[in-house]
Amino acid sequence: MSIEVAIVPAAGRGTRMRPATRVVPKALIPVVDRPAIQYAVEESVRAGAREVILIVDPGVGTLTERHFWEEGPLPGLRDVRITPVVQEIPHGLGDAVLTARQAVADRPFFCLLADNIPPPGGDVLPGMAEAFENMSVVCLRRLTPDFLERYGVIVPGTWFGENVVEVRGAVEKPGAADAPSDLGLIGRYIFTPEVFTILENLPPGLGGEIQLTDAISAMGEAGRCLGYVAGQDLLDVGNPLGLLEASTVLGLSHPEWGTVYQAYLARLVEEL
Ligand code: G1P
């Protein structure tokens with residue numbers, strides 16, 4: 001089944017990226033030559049999306065919107081409908097997703113967290129879309145113990161081949177001691193519209209916020225969610241070191257500057 005709509009929750013305050021994000025929204029921090037959020041929009045379009053809904057803070061919505069329209073549509077995004085939806089008060093990722101309910105309506109949709117960018121050639125949405133039939137699919141990676149307090153972690157059930165696993169439940173940032181597995185949610189999801197009904201009725205979870213992971217858990221417990229294990233990690237631009245790493249990886253493969261940058265890095269490393 002083809003999926004034509006994507007949402008990109010981009011209303012986070014970017015506390016891990018201070019002071020860069022005191023004024024500039026996290027989603028507009030540049031990575032090589034474009035802001036983080038543009039990577040997510042382009043990635044969803046590569047996977048077939050023709051409509052992208054950006055979930056933004058009240059204050060910065062216009063700024064993010066202007067990025068996509070200021071001087072006319074961006075190359076490659078000419079035929080894509082990009083709509084901002086404002087999350088008035090931040091109540092967590094689950095609440096952000098719920099904000100897009102009306103715009104998404106009764107369609108399955110991609111959900112992409114703009115902090116995470118696939119490395120060149122590492123798109124995961126096509127593999128997830130292949131696993132998608134009529135139940136939600138979440139993207140997973142095996143995590144080392146120290147990461148289990150930074151990611152949502154699933155309870156795995158039956159495996160269908162090497163990459164696809166039944167999700168029986170999920171816990172938000174459980175930490176190594178309480179993690180039900182080492183399979184973490186890495187910021188790429190395909191949801192059926194039933195996620196909205198679940199989110200609407202969820203009590204606040206970890207940190208008093210409406211947690212997307214809790215909605216995934218509810219779908220898993222009802223036998224309505226699959227996990228897709230990605231072949232490689234996504235880059236994480238949500239913290240300073242991750243941003244440096246992502247800039248290097250994406251810079252090295254940049255069609256215009258990749259070769260020159262590679263030579264520069266090689267010289268730099270030699271001098272170390
Ligand atoms: C969010 C989700 C978490 C997920 C992570 C992926 O956490 O709540 O379940 O594993 O994104 O990056 P955040 O990074 O916003 O704290």
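Derivation of every value follows stated rules applied to the coordinates shown; laboratory data play no part. Just so we're clear, the structure is a prediction, and the values are computed from it rather than from any experiment. Cβ coordinates were reconstructed from backbone atoms using ideal geometry, including for glycine residues, and neighbour counts include every protein chain displayed.
Let me have the relative contact order for the chain, percent, based on Cα pairs under 8 Å that are six or more residues apart.
22
Over its Cα atoms, what ratio of radius of gyration to 2.2 N^0.38 Å does the stretch 150-272 give?
With N residues counted in the stretch 150-272, Rg over 2.2 N^0.38 Å equals 1.40.
Give the separation of the Cα centroids, the stretch 132-162 to the stretch 165-234, in Å.
Cα centroid of the stretch 132-162 versus Cα centroid of the stretch 165-234: 8 Å apart.
Going through the stretch 42-103, which GluC sites (Glu not before Pro) have at most 14 other Cβ atoms within 10 Å and a DSSP loop state?
E71, E88
Please work out the Cα convex hull volume for the stretch 1-76 and give it in Å³ per residue.
It comes to 102 Å³ per residue, whole-number rounded.
Counting other Cβ atoms within 10 Å of each Cβ, which trypsin sites (Lys or Arg not before Pro) in the stretch 13-117 have at most 14 and sit in a DSSP loop?
Passing sites in the stretch 13-117 are R13, R22, R50, R78.
Add -39500 (n - 2.57) for each DSSP H run of 4 or more in the chain, then divide by its residues: what number comes out at 222 nm, to the nearest 500 deg cm²/dmol?
Using -39500 (n - 2.57) per qualifying helix, the result is -8500 deg cm²/dmol.
Over the stretch 57-183, calculate the relative contact order: mean separation of alpha carbon pairs under 8 Å at least 6 apart, over the residue count, as a percent.
Across the stretch 57-183, relative contact order equals 17 percent.
Tabulate in residue order the Karplus-calculated ³J(HN,Hα) for the stretch 89-103, using 6.51 cos²θ - 1.76 cosθ + 1.60 with θ = phi - 60°, rounded to whole Hz; enter x for Gly and Pro.
After applying 6.51 cos²θ - 1.76 cosθ + 1.60, I find 10, x, 10, x, 5, x, 5, 4, 4, 4, 4, 8, 3, 5, 5 Hz.
Taking all pairs of distinct Cα atoms, average 1/r, flip it, and tell me the Kirkwood hydrodynamic radius of the stretch 95-144 in Å to one decimal place.
The Cα-based Kirkwood calculation yields 13.0 Å.
If N is the number of residues in the chain, what value comes out of its Cα radius of gyration divided by 2.2 N^0.38 Å?
Ratio of Rg to 2.2 N^0.38 Å for the chain: 0.99.
To one decimal place, what Kirkwood hydrodynamic radius in Å is obtained for the stretch 216-272 from all pairs of distinct Cα atoms?
Roughly 14.4 Å, rounded to one decimal.
Considering the alpha-carbon set of the stretch 1-142 alone, what are its Rg and its Dmax in angstrom?
14.6, 43
If you wrap a convex hull around the alpha carbons of the stretch 65-109, what volume per residue comes out, as a whole number of Å³?
103
Taking 35 Å as R0, compute the FRET efficiency from the Cβ-Cβ separation of R66 and T158 and round it to 0.05.
In this case the efficiency is close to 0.15.
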